[in-house]
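Q: Pasting in a structure now, in structure tokens, and then I'll have a few things to ask.
Laboratory data are not the source of any read-out in this text; all were calculated from the coordinates shown. Bear in mind that the values here come from a model prediction, so they are computed numbers and not experimental data. No Cβ is skipped: glycine too gets one built from the backbone with ideal geometry, and neighbour counts run over all protein chains shown.
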Amino acid sequence: MSNSTFKLFADKMGGRSAAAYIGTKGEIFYDTDGTTPIRLSDGVTPGGIPFGITNTSASFTPQFKTVSGNNLDGTVTTGSYVLQGLICHFRINVSFAATTDFGSASQYQFTLPFPTVSTFTIRGGTLHAPTPNDAIYHIAGITDIADSTTIMKLYYSGSTTDLAWKSSTPVSATNTASHFDLSGAYQIAV
């Protein structure tokens with residue numbers, strides 16, 4: 001192997017996508033729309049060999065329920081994530097509009113899209129409670145790998161400490177007029 005340096009030139013390679021392009025061995029190419037990772041040509045394989053950090057964007061359905069196992073009938077939960085290498089950026093949304101069972105005063109939790117490599121805390125959540133007092137509560141989530149690598153337990157900010165978020169606390173805030181969202185990022189386990 002020689003000690004040679006090569007410079008990457010930006011040439012448009014016709015109307016072909018990166019998945020169809022073969023190229024010359026050692027050539028680096030990509031799609032400009034960002035849907036595929038950078039690729040390295042082996043001179044034979046259409047699409048070459050992907051390398052670098054890939055991005056995956058998808059929706060998922062988190063299991064939102066209580067620690068005691070109550071499924072919170074009627075609650076609509078949606079989620080999405082972007083996976084960049086080992087970092088998962090996620091967002092969940094919960095609507096209580098059709099909820100008929102808010103749980104038996106047990107703490108709320110949801111499942112993550114992927115297992116985590118370590119314990120982590122997210123402080124990017126909000127409980128919107130239009131009734132009875134048009135309040136907004138800050139919601140935090142903690143995944144403690146001593147308990148689980150895929151479950152995040154939810155808390156709301158009390159006056160001096162974070163308190164378990166459940167149907168009875170904060171007082172009357174979780175009802176059919178309220179909704180909740182939380183987003184954050186964490187490193188996934190391999």
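Q: Relative to the present Cα-Cα distance, how much length would full extension add between SER159 and ILE28 at 0.36 nm per residue of separation?
A: 41.6 nm
Q: What dipole magnitude, in Debye to the nearest 20, does the chain give about its Cα centre under +1 on Lys/Arg Cβ and -1 on Asp/Glu Cβ?
A: In total the dipole reaches around 320 debye.
Q: If the chain between THR100 and PHE60 were fully stretched, how many nm would it gain, using 0.36 nm times the residue separation less the Cα-Cα distance?
A: 12.1 nm
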